[in-house]
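Presented below is the structure to which this report refers.
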Amino acid sequence: MLEVKNLFYRGILKDISFRVERGSVVGLAGKNGSGKTTLLKCIGGFLNYSGFVLLDGEDLKKLSSRKRVLKVNYLPQILEISFPYTVFEFLLSSLVPLKGFFPSLADEDIEKVEFYLEKLNIYHLKDRIFSTLSGGERVKVLIARLLLVDPDVYLFDEPGAFLDVEVLPFLAEIVKELKEREKIVIITAHDLNFLLDVADQFVGLKNGKLFFSGGKEEFLENVELLFDTKLRILRSQNEIFIKPYTGGKG
Ligand code: ADP
(Lines give C-alpha, C1' and ligand atoms only; values in the text may rest on other atoms or scores of the structure.)
Protein backbone atom coordinates (compact mmCIF):
# COMPACT_ATOMS: atom_id res chain seq x y z
CA MET A 1 0.00 0.00 0.00
CA LEU A 2 1.12 3.56 -0.78
CA GLU A 3 0.25 6.11 1.84
CA VAL A 4 0.63 9.85 1.44
CA LYS A 5 0.32 11.37 4.89
CA ASN A 6 0.10 15.04 5.86
CA LEU A 7 2.19 16.10 2.90
CA PHE A 8 3.04 19.79 2.57
CA TYR A 9 5.22 21.47 -0.04
CA ARG A 10 6.05 25.16 0.37
CA GLY A 11 2.74 27.03 0.07
CA ILE A 12 1.72 24.84 -2.87
CA LEU A 13 0.49 21.58 -1.30
CA LYS A 14 -1.37 21.71 1.98
CA ASP A 15 -1.87 18.66 4.15
CA ILE A 16 -2.48 16.01 1.49
CA SER A 17 -3.35 12.52 2.77
CA PHE A 18 -4.67 9.48 0.89
CA ARG A 19 -4.01 5.75 0.55
CA VAL A 20 -3.73 3.47 -2.44
CA GLU A 21 -3.79 -0.33 -2.39
CA ARG A 22 -1.61 -2.38 -4.75
CA GLY A 23 -3.32 -3.15 -8.04
CA SER A 24 -5.05 0.24 -8.08
CA VAL A 25 -5.00 3.04 -10.60
CA VAL A 26 -5.53 6.52 -9.21
CA GLY A 27 -6.77 9.32 -11.43
CA LEU A 28 -5.34 12.57 -10.09
CA ALA A 29 -7.59 15.41 -11.21
CA GLY A 30 -7.81 19.15 -10.75
CA LYS A 31 -7.60 22.41 -12.63
CA ASN A 32 -4.33 23.73 -14.01
CA GLY A 33 -2.22 24.98 -11.16
CA SER A 34 -4.05 22.87 -8.53
CA GLY A 35 -0.81 21.06 -7.65
CA LYS A 36 -0.97 17.74 -9.54
CA THR A 37 2.54 17.86 -11.00
CA THR A 38 3.97 19.10 -7.73
CA LEU A 39 2.33 16.21 -5.88
CA LEU A 40 3.70 13.65 -8.35
CA LYS A 41 7.16 15.19 -8.01
CA CYS A 42 6.93 14.94 -4.21
CA ILE A 43 5.84 11.30 -4.35
CA GLY A 44 8.62 10.66 -6.88
CA GLY A 45 11.14 12.15 -4.46
CA PHE A 46 12.18 15.12 -6.61
CA LEU A 47 10.98 17.78 -4.18
CA ASN A 48 11.73 18.18 -0.55
CA TYR A 49 8.27 17.93 1.00
CA SER A 50 7.35 17.64 4.65
CA GLY A 51 5.13 14.76 5.75
CA PHE A 52 5.30 11.15 4.66
CA VAL A 53 5.19 8.99 1.57
CA LEU A 54 5.11 5.38 2.80
CA LEU A 55 5.24 2.28 0.62
CA ASP A 56 4.18 -0.81 2.55
CA GLY A 57 4.95 1.16 5.69
CA GLU A 58 8.46 2.15 4.61
CA ASP A 59 9.26 5.87 4.59
CA LEU A 60 10.58 6.56 1.09
CA LYS A 61 12.55 9.58 2.33
CA LYS A 62 14.87 7.19 4.13
CA LEU A 63 15.90 5.43 0.91
CA SER A 64 18.86 6.43 -1.24
CA SER A 65 17.78 7.99 -4.52
CA ARG A 66 19.04 4.88 -6.36
CA LYS A 67 16.76 2.65 -4.30
CA ARG A 68 13.87 5.09 -4.42
CA VAL A 69 13.72 5.17 -8.25
CA LEU A 70 13.25 1.42 -8.22
CA LYS A 71 10.25 1.75 -5.89
CA VAL A 72 8.63 4.85 -7.37
CA ASN A 73 9.28 6.25 -10.81
CA TYR A 74 7.91 9.09 -12.79
CA LEU A 75 6.91 9.88 -16.35
CA PRO A 76 7.55 13.62 -16.62
CA GLN A 77 5.49 15.93 -18.81
CA ILE A 78 8.56 17.26 -20.52
CA LEU A 79 12.08 15.90 -20.46
CA GLU A 80 15.03 17.71 -21.92
CA ILE A 81 18.28 15.84 -21.85
CA SER A 82 21.33 17.72 -22.90
CA PHE A 83 23.60 14.74 -23.66
CA PRO A 84 23.42 13.47 -27.24
CA TYR A 85 22.18 10.00 -26.26
CA THR A 86 20.50 7.83 -28.84
CA VAL A 87 17.17 6.33 -27.80
CA PHE A 88 18.89 2.97 -27.39
CA GLU A 89 21.66 4.40 -25.17
CA PHE A 90 19.14 6.38 -23.14
CA LEU A 91 17.04 3.27 -22.48
CA LEU A 92 20.07 1.13 -21.70
CA SER A 93 21.27 3.74 -19.21
CA SER A 94 17.92 3.53 -17.39
CA LEU A 95 18.89 0.01 -16.32
CA VAL A 96 21.95 1.24 -14.41
CA PRO A 97 20.16 1.79 -11.05
CA LEU A 98 19.08 -1.85 -11.14
CA LYS A 99 22.67 -3.00 -11.34
CA GLY A 100 24.33 -1.91 -8.13
CA PHE A 101 27.45 0.18 -7.90
CA PHE A 102 29.59 -1.37 -10.62
CA PRO A 103 27.17 -1.80 -13.45
CA SER A 104 28.03 -4.03 -16.35
CA LEU A 105 25.39 -4.40 -18.97
CA ALA A 106 24.78 -7.83 -20.46
CA ASP A 107 23.15 -9.27 -23.58
CA GLU A 108 19.94 -9.77 -21.64
CA ASP A 109 19.79 -6.01 -20.98
CA ILE A 110 20.08 -5.30 -24.68
CA GLU A 111 17.31 -7.84 -25.32
CA LYS A 112 15.15 -6.19 -22.70
CA VAL A 113 15.59 -2.76 -24.30
CA GLU A 114 14.79 -4.22 -27.72
CA PHE A 115 11.69 -5.93 -26.30
CA TYR A 116 10.27 -2.63 -25.05
CA LEU A 117 11.25 -0.77 -28.23
CA GLU A 118 9.09 -3.30 -30.07
CA LYS A 119 6.29 -3.21 -27.50
CA LEU A 120 5.98 0.57 -27.78
CA ASN A 121 6.26 0.48 -31.59
CA ILE A 122 9.37 2.65 -31.59
CA TYR A 123 12.02 0.23 -32.81
CA HIS A 124 12.59 2.49 -35.81
CA LEU A 125 13.67 5.28 -33.43
CA LYS A 126 16.40 3.17 -31.82
CA ASP A 127 19.36 5.09 -33.26
CA ARG A 128 17.81 8.56 -33.21
CA ILE A 129 19.20 11.18 -30.83
CA PHE A 130 16.60 11.54 -28.05
CA SER A 131 16.60 15.35 -28.10
CA THR A 132 15.58 15.38 -31.79
CA LEU A 133 12.37 13.39 -31.21
CA SER A 134 8.88 14.86 -31.36
CA GLY A 135 6.84 15.22 -28.17
CA GLY A 136 4.81 12.06 -28.88
CA GLU A 137 7.91 10.03 -29.74
CA ARG A 138 9.59 11.16 -26.51
CA VAL A 139 6.59 10.12 -24.42
CA LYS A 140 6.74 6.63 -25.91
CA VAL A 141 10.47 6.36 -25.18
CA LEU A 142 9.83 7.57 -21.63
CA ILE A 143 7.08 4.97 -21.15
CA ALA A 144 9.51 2.30 -22.40
CA ARG A 145 12.05 3.60 -19.88
CA LEU A 146 9.53 3.37 -17.06
CA LEU A 147 8.55 -0.19 -18.00
CA LEU A 148 12.22 -1.18 -18.12
CA VAL A 149 12.81 0.11 -14.60
CA ASP A 150 9.46 -1.42 -13.56
CA PRO A 151 9.00 0.29 -10.18
CA ASP A 152 6.27 -0.65 -7.68
CA VAL A 153 4.63 2.74 -8.11
CA TYR A 154 4.24 4.28 -11.57
CA LEU A 155 3.55 8.01 -11.77
CA PHE A 156 2.29 9.30 -15.13
CA ASP A 157 2.09 13.05 -15.56
CA GLU A 158 -0.20 13.83 -18.51
CA PRO A 159 0.99 10.94 -20.64
CA GLY A 160 -1.69 11.69 -23.24
CA ALA A 161 -0.65 15.30 -23.79
CA PHE A 162 1.58 14.64 -26.80
CA LEU A 163 0.15 11.35 -27.97
CA ASP A 164 -1.98 10.89 -31.06
CA VAL A 165 -5.50 9.90 -30.20
CA GLU A 166 -5.04 6.34 -31.46
CA VAL A 167 -2.24 5.78 -28.94
CA LEU A 168 -4.51 6.38 -25.93
CA PRO A 169 -6.19 2.92 -26.00
CA PHE A 170 -2.71 1.42 -26.16
CA LEU A 171 -1.70 3.44 -23.11
CA ALA A 172 -4.89 2.33 -21.34
CA GLU A 173 -3.88 -1.27 -22.11
CA ILE A 174 -0.44 -0.72 -20.56
CA VAL A 175 -2.04 0.73 -17.43
CA LYS A 176 -4.41 -2.26 -17.24
CA GLU A 177 -1.44 -4.65 -17.45
CA LEU A 178 0.29 -2.78 -14.60
CA LYS A 179 -2.86 -3.08 -12.50
CA GLU A 180 -3.00 -6.82 -13.15
CA ARG A 181 0.63 -7.04 -12.03
CA GLU A 182 -0.35 -5.46 -8.67
CA LYS A 183 1.46 -2.20 -9.38
CA ILE A 184 0.22 1.14 -8.12
CA VAL A 185 -0.41 3.72 -10.83
CA ILE A 186 -1.11 7.41 -10.32
CA ILE A 187 -2.02 9.23 -13.49
CA THR A 188 -3.03 12.77 -14.41
CA ALA A 189 -4.85 13.62 -17.63
CA HIS A 190 -6.79 16.55 -18.98
CA ASP A 191 -9.01 14.08 -20.77
CA LEU A 192 -11.48 13.18 -18.02
CA ASN A 193 -12.96 10.36 -20.08
CA PHE A 194 -9.57 8.74 -20.41
CA LEU A 195 -9.16 9.07 -16.65
CA LEU A 196 -12.59 7.52 -16.06
CA ASP A 197 -11.61 4.69 -18.36
CA VAL A 198 -8.35 3.75 -16.70
CA ALA A 199 -8.71 4.72 -13.04
CA ASP A 200 -10.60 2.98 -10.26
CA GLN A 201 -9.80 5.51 -7.57
CA PHE A 202 -9.74 9.30 -7.81
CA VAL A 203 -8.00 12.07 -5.96
CA GLY A 204 -9.15 15.63 -6.61
CA LEU A 205 -6.90 18.59 -5.83
CA LYS A 206 -8.16 22.14 -5.56
CA ASN A 207 -5.82 25.02 -4.73
CA GLY A 208 -3.23 22.60 -3.40
CA LYS A 209 -5.66 20.89 -1.02
CA LEU A 210 -7.31 17.52 -1.16
CA PHE A 211 -10.84 18.20 -2.40
CA PHE A 212 -12.01 14.59 -2.32
CA SER A 213 -10.77 11.05 -2.75
CA GLY A 214 -12.87 8.02 -3.56
CA GLY A 215 -14.24 5.84 -6.34
CA LYS A 216 -15.92 6.65 -9.65
CA GLU A 217 -19.21 7.77 -8.11
CA GLU A 218 -17.46 10.19 -5.72
CA PHE A 219 -15.54 11.54 -8.68
CA LEU A 220 -18.74 12.10 -10.67
CA GLU A 221 -20.41 13.75 -7.68
CA ASN A 222 -17.48 16.14 -7.17
CA VAL A 223 -16.23 16.80 -10.67
CA GLU A 224 -18.26 19.95 -11.39
CA LEU A 225 -17.22 21.57 -8.12
CA LEU A 226 -13.65 20.45 -8.65
CA PHE A 227 -13.46 22.28 -11.97
CA ASP A 228 -15.99 25.02 -11.11
CA THR A 229 -17.89 24.32 -14.28
CA LYS A 230 -21.13 22.74 -15.40
CA LEU A 231 -20.66 19.36 -17.08
CA ARG A 232 -22.95 16.80 -18.65
CA ILE A 233 -22.53 13.27 -17.38
CA LEU A 234 -23.87 10.73 -19.84
CA ARG A 235 -24.36 7.13 -18.80
CA SER A 236 -24.91 4.32 -21.24
CA GLN A 237 -25.07 0.67 -20.22
CA ASN A 238 -21.39 0.13 -19.52
CA GLU A 239 -19.87 3.50 -20.07
CA ILE A 240 -19.89 6.96 -18.61
CA PHE A 241 -18.96 10.07 -20.54
CA ILE A 242 -18.28 13.55 -19.30
CA LYS A 243 -18.99 16.37 -21.72
CA PRO A 244 -18.66 20.12 -21.32
CA TYR A 245 -22.08 21.70 -20.84
CA THR A 246 -22.88 23.78 -23.88
CA GLY A 247 -26.47 24.59 -23.05
CA GLY A 248 -27.81 22.53 -25.95
CA LYS A 249 -28.55 18.84 -26.17
CA GLY A 250 -25.46 17.96 -28.28
P1 ADP B 1 -0.89 21.32 -12.00
O2 ADP B 1 0.02 20.18 -12.32
O3 ADP B 1 -2.13 20.91 -11.28
O4 ADP B 1 -1.20 22.19 -13.20
P5 ADP B 1 1.40 22.41 -10.60
O6 ADP B 1 1.77 21.40 -9.59
O7 ADP B 1 2.21 22.46 -11.86
O8 ADP B 1 -0.14 22.28 -10.96
O9 ADP B 1 1.46 23.84 -9.94
C10 ADP B 1 0.83 24.15 -8.70
C11 ADP B 1 1.14 25.56 -8.29
O12 ADP B 1 2.49 25.66 -7.94
C13 ADP B 1 0.91 26.58 -9.40
O14 ADP B 1 0.37 27.75 -8.82
C15 ADP B 1 2.31 26.82 -9.94
O16 ADP B 1 2.39 28.12 -10.48
C17 ADP B 1 3.15 26.66 -8.70
N18 ADP B 1 4.51 26.17 -9.00
C19 ADP B 1 4.84 25.08 -9.70
N20 ADP B 1 6.18 24.89 -9.73
C21 ADP B 1 6.70 25.91 -9.02
C22 ADP B 1 8.04 26.32 -8.67
N23 ADP B 1 9.10 25.62 -9.06
N24 ADP B 1 8.18 27.41 -7.90
C25 ADP B 1 7.12 28.13 -7.50
N26 ADP B 1 5.86 27.82 -7.79
C27 ADP B 1 5.64 26.73 -8.54
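Points worth noting:
- Any hit, the stretch 50-66, residues being surrounded by 16 or more Cβ atoms within 10 Å (Cβ to Cβ) and free of Cβ contacts under 8 Å to residues at least 24 places away in the same chain: yes
- Flag if F241 is of a type in the set (F, W, Y), touching a strand residue (DSSP E or B) at 6+ places or on another chain (Cβ under 6 Å), touching a residue at least 24 places away in the same chain (Cβ under 8 Å) and farther than 20 Å from G35 by Cβ: yes
- Being within 21 Å of E158 (Cα to Cα) and touching a residue at least 12 places away in the same chain (Cβ under 8 Å) holds for only one residue in L92, L133, and it is L133.
- Of all residues in the stretch 14-46, those satisfying the criterion of being assigned to a helix (DSSP H, G or I) and of a type in the set (V, I, T) are T37, T38, I43.
- Hits in the stretch 98-114 (condition: surrounded by fewer than 14 Cβ atoms within 10 Å (Cβ to Cβ) and part of a helix (DSSP H, G or I)): K99, D107, E108, E111
- Pair list, Cβ < 8 Å and 6+ apart or interchain, from the stretch 9-31 residues that are within 20 Å of R181 (Cβ to Cβ) to residues that are within 8 Å of the ligand (Cβ to nearest atom) and open to solvent by less than 70 Å² (accessible area, probe 1.4 Å): G27/T188
- Any hit, the stretch 102-115, residues being within 28 Å of L2 (Cα to Cα) and free of Cβ contacts under 8 Å to residues at least 24 places away in the same chain: no
- Residues in the stretch 177-195 that are at pLDDT 95 or above and more than 16 Å from the ligand (Cβ to nearest atom): E177, L178, K179, E180, R181, E182, K183, I184, V185.
- Members of the stretch 4-53 found to be among the hydroxyl-bearing types (S, T, Y), within 16 Å of the ligand (Cβ to nearest atom) and under 16 Å from S213 (Cβ atoms), listed by number: S34
- With respect to the conditions (1) under 28 Å from L195 (Cβ atoms); (2) open to solvent by 80 Å² or more (accessible area, probe 1.4 Å); (3) of a type in the set (K, R), K119 lacks only one, and its number is (2).
- Some residue of the stretch 145-161 being assigned to a helix (DSSP H, G or I), of a type in the set (G, A, S) and surrounded by 18 or more Cβ atoms within 10 Å (Cβ to Cβ): no
Yes or no, residue by residue, for (1) in contact with a strand residue (DSSP E or B) (Cβ under 9 Å, 6 or more places away or on another chain); (2) closer than 26 Å to A189 by Cα:
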position	(1), (2)
G30	yes, yes
K36	yes, yes
L40	yes, yes
L55	yes, yes
R68	no, yes
I81	no, yes
V96	no, no
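The values are calculated or read from the model by the stated rules, or taken from the named source; none is laboratory data. Quantities reported herein were computed from a predicted structural model and do not represent experimental measurements. FYI the Cβ positions are ideal-geometry reconstructions off the backbone, even for glycines, and counts take in every protein chain you see. Only protein heavy atoms, including side chains, enter the accessible area calculation; ligands, DNA and RNA are left aside. Shrake-Rupley method; radii C 1.70, N 1.55, O 1.52, S 1.80 Å.
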